[in-house]
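What follows is one structure encoded as structure tokens, with my remarks underneath.
The values are calculated or read from the model by the stated rules, or taken from the named source; none is laboratory data. Bear in mind the structure is a predicted one, so any value in this text is a computation, not a measurement. FYI the Cβ positions are ideal-geometry reconstructions off the backbone, even for glycines, and counts take in every protein chain you see. These area figures cover heavy atoms from the full protein model, side chains too; ligands, DNA and RNA do not enter into them. Shrake-Rupley method; radii C 1.70, N 1.55, O 1.52, S 1.80 Å.
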Amino acid sequence: MRAIWRGAVSFGLVSIGVRVYSATEEKDIRFHQVHRTDGGRIRYKRVCSIDGEEVSYDDIAKGYDIGGGEMVILTDSDFADLPLSTSHAIDVLEFVPAEQVDPILYNKAYFLEPDGAAAKPYVLLRDALTDSERVAIVKVALRQREQLATLRVREGVLLLNTMLWPDEIRRPDFGFLDEDIKVRPPELAMASSLIDSMAGEFEPDIFTDDYRAALQEVIDAKVEGREVVQPEEVEEAPAAAVDLMAALRASVDRARAARGEEPAGAGAGQPTPISSAKSAKAAAKAAKKATGAKKAAKKTAEKSTGAKKADGDKKAATKSGTAKKAAPKKAPRKSA
């Protein structure tokens, strides 16, 4: 590694000489822009928009557009006169709990190496940070720009994390934040169950950049003059529309199956709060319907019984009248 900066960590009255190295590197596969027909590199010229002449680096300055077609031009001497107290120092401002620093503020990471005879105070600061379980908030000037940063310990080395300034963080302004969206307790419980079923310990080494590996394979094949046989992609049928609860339950089952656990749905017999409520509602409806049917049958039966009874009474009355009518009249008694 090559040091990109050299200075000192100012820790109270203690000064610790350090060299700064980039702690990360991008592994993207880089390409050049070339002419498609002959592979020639595409070059760009720095041309002035006013006179159309090509401009050398020595004649290039920085300009600030103030609007209306006016430009303020700043030269290297203008920047040199700026009061950067941290131009060659990493000033420790305070020590804070690491969890109080929002990760969104982090920008770039750098390793610090003790410079010369600074190994002992370097190790002293490193061990003190480890024991305190805190990070140092510092100011540092890198590439002529003053930045806020943290200083913490990683694998026995002091790590400098530059940070964005608070006013460089955008505020989210989305319409749904003003909406009153309600999440039902059963849905929240199922989502929590999904999180639990997918919980684990973070091991970054198990994750790989599959796209980069595939792209490198294509490049290697081109170099060797062979073709890359791409596996046929199986087109998955679009999933049928399901409600949120069903999707969550299916996700939990898949996560558990991936871990070799018995899916919660093995009990497709195990009802969810929503399905239980639906079943109860259906049962109540069926019971109500059955009760109504019984009442209707009873009413019909009573009506039928009443009709039969009335018919029987009518017949009995008719029979009785006929009998009375058929009975012979008594002969009048003769007088002596």
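What to note about this one:
- Looking only at residues of segment 26-42 that are charged (D, E, K, R) and closer than 22 Å to residue 217 by Cβ, we find that the one that is most open to solvent (accessible area, probe 1.4 Å) is 30.
- Looking across segment 85-115 at every residue that is among the small types (Gly, Ala, Ser) and open to solvent by less than 80 Å² (accessible area, probe 1.4 Å), the one that is farthest from residue 149 (Cα to Cα) is identified as 87.
- Selection status of residue 55, among the β-branched types (Val, Ile, Thr), surrounded by 12 or more Cβ atoms within 10 Å (Cβ to Cβ) and free of Cβ contacts under 8 Å to residues at least 12 places away in the same chain: yes
- Identity of the residue in segment 125-163, in contact (Cβ under 8 Å) with a residue 60 or more places away in the chain and not in a strand (DSSP E or B), that ends up nearest to residue 8 (Cα to Cα): 125
- Residue 78, sole failed condition from (1) farther than 26 Å from residue 126 by Cβ; (2) part of a loop (DSSP other than H, G, I, E, B): (2)
- Residue among 16, 66, 73 that is surrounded by 10 or more Cβ atoms within 10 Å (Cβ to Cβ), touching a strand residue (DSSP E or B) at 6+ places or on another chain (Cβ under 8 Å) and part of a strand (DSSP E or B): 16
- Annotation note: of 137, 169, the sole residue that is open to solvent by less than 50 Å² (accessible area, probe 1.4 Å) and touching an Asp or Glu at 6+ places or on another chain (Cβ under 7 Å) is 137.
- Any hit, segment 44-52, residues being over 44 Å from the mean Cα position of the chain (by Cα) and surrounded by 10 or more Cβ atoms within 10 Å (Cβ to Cβ): yes
- Among the residues making up segment 92-124, those that are in a helix (DSSP H, G or I) and closer than 14 Å to residue 156 by Cβ are 119, 122, 123, 124.
- Hits in segment 177-225 - residues which are open to solvent by less than 100 Å² (accessible area, probe 1.4 Å) and under 19 Å from residue 257 (Cα atoms): 190, 191, 192, 193, 194, 197, 199, 200
- Count of residues meeting criterion [charged (D, E, K, R), modelled with pLDDT under 90 and out of contact with any helix residue (DSSP H, G or I) (no Cβ under 9 Å at 6 or more places or on another chain)] in segment 3-29: 2
- Scanning segment 166-177 for residues that are assigned to a loop (DSSP other than H, G, I, E, B) and free of Cβ contacts under 8 Å to residues at least 24 places away in the same chain yields 170, 171, 172, 173, 174.
- Of the residues making up segment 116-127, not a single one is surrounded by 15 or more Cβ atoms within 10 Å (Cβ to Cβ) and in contact with a Lys or Arg (Cβ under 8 Å, 6 or more places away or on another chain).
- Residue selected from segment 196-254 under the condition at pLDDT 75 or above and among the β-branched types (Val, Ile, Thr), by the criterion nearest to residue 183 (Cα to Cα): 252
- In the condition set (1) open to solvent by 50 Å² or more (accessible area, probe 1.4 Å); (2) touching a Lys or Arg at 6+ places or on another chain (Cβ under 7 Å); (3) outside any strand (DSSP E or B); (4) touching a residue at least 12 places away in the same chain (Cβ under 8 Å), residue 2 is compliant with all but (2).
- Of the numbered criteria (1) modelled with pLDDT of 90 or more; (2) in a loop (DSSP other than H, G, I, E, B); (3) more than 22 Å from the chain's Cα centre (by Cα); (4) acidic (Asp, Glu), the one residue 180 fails is (3).
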